[in-house]
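These notes are about the structure you will find just below.
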Amino acid sequence: MNVFRGGDGRSLEMTNSGTAVFVDVLSLAVAALAREPWHFRFAALLTLQNQNVMGRGVVGFGLADLDWGDGPEERAAAKEFLLSVLDLALSRHRWEELAYEAPRAEGHLRAYRDMVEAFEPATARTGAGVLPGPEEAAMASCVRHRVLEALPFWEACVFCTAGFEAPDDRPPHDR
């Protein structure tokens, strides 16, 4: 069981397959919205939730373990970004490209969004080190799947490590 913890003892526990879907749909949304250094650091954290590489049943993180930023404005911006990612994922952004149906993903996303909304970043533990540092930010893009890759951790995106084919409706130069 993989656990994503919020504040006040709240957590989202998911099966291995539920976690894989959760990470997939968040990866699609993060790739569309990432613009700032914290965004790419969070994208790197998402790549570390890839059970095809990390192992099944051993991923997850707590919101209190993230470095949300140095001051109230940075923390608020980071939280707003994460909420925007969740909202985009909830809109089923690019889900038609998934090689499977995702019937439970919306419930997991809503539960996690509620946890993020209720979480106060100022209560996070400083120096927890769960969020990859700026030098480990996910800046490279997988051309096949149009999501951020796990560099510098490994040279593949979450879809490549799962063996997903790229959708055939893309221009030939992107295949």
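Quick notes
- Solvent exposure, largest accessible area first (probe 1.4 Å, DNA, RNA and ligands not counted), of Arg10, Arg41, Arg110: Arg110, Arg10, Arg41
- Label point at Glu120 placed 7 Å out along Cα→Cβ; residues across segment 70-102 whose backbone nitrogen lies under 14 Å: 72, 76
- Accessible surface of Cys160 - all protein chains present, 1.4 Å probe, nearest 10 Å²: 40 Å²
- A Förster radius of 25 Å, combined with the Cβ-Cβ distance separating Ser141 from Val3, puts the computed FRET efficiency at roughly 0.30.
- Förster radius 30 Å - calculated FRET efficiency between Asp70 and Tyr100, Cβ distance, rounded to 0.05: 0.15
- Cα centroid separation, segment 74-104 to segment 1-44 (Å): 9 Å
- Sequence of Leu48, Leu82 when ordered by accessible area, the most exposed leading, probe 1.4 angstrom: Leu48, Leu82
- Annotation: amide H-H contacts under 5 Å for Ser11 (H modelled 1.01 Å from N, sequence separation of 5 or more, or interchain): Gly6.
The values are calculated or read from the model by the stated rules, or taken from the named source; none is laboratory data. Bear in mind that the values here come from a model prediction, so they are computed numbers and not experimental data. Virtual Cβ from ideal backbone geometry, glycine too; neighbours counted across all protein chains shown. Each accessible area value is taken on the protein alone, full model and side chains, heavy atoms only, with ligands, DNA and RNA left out. Shrake-Rupley method; radii C 1.70, N 1.55, O 1.52, S 1.80 Å.
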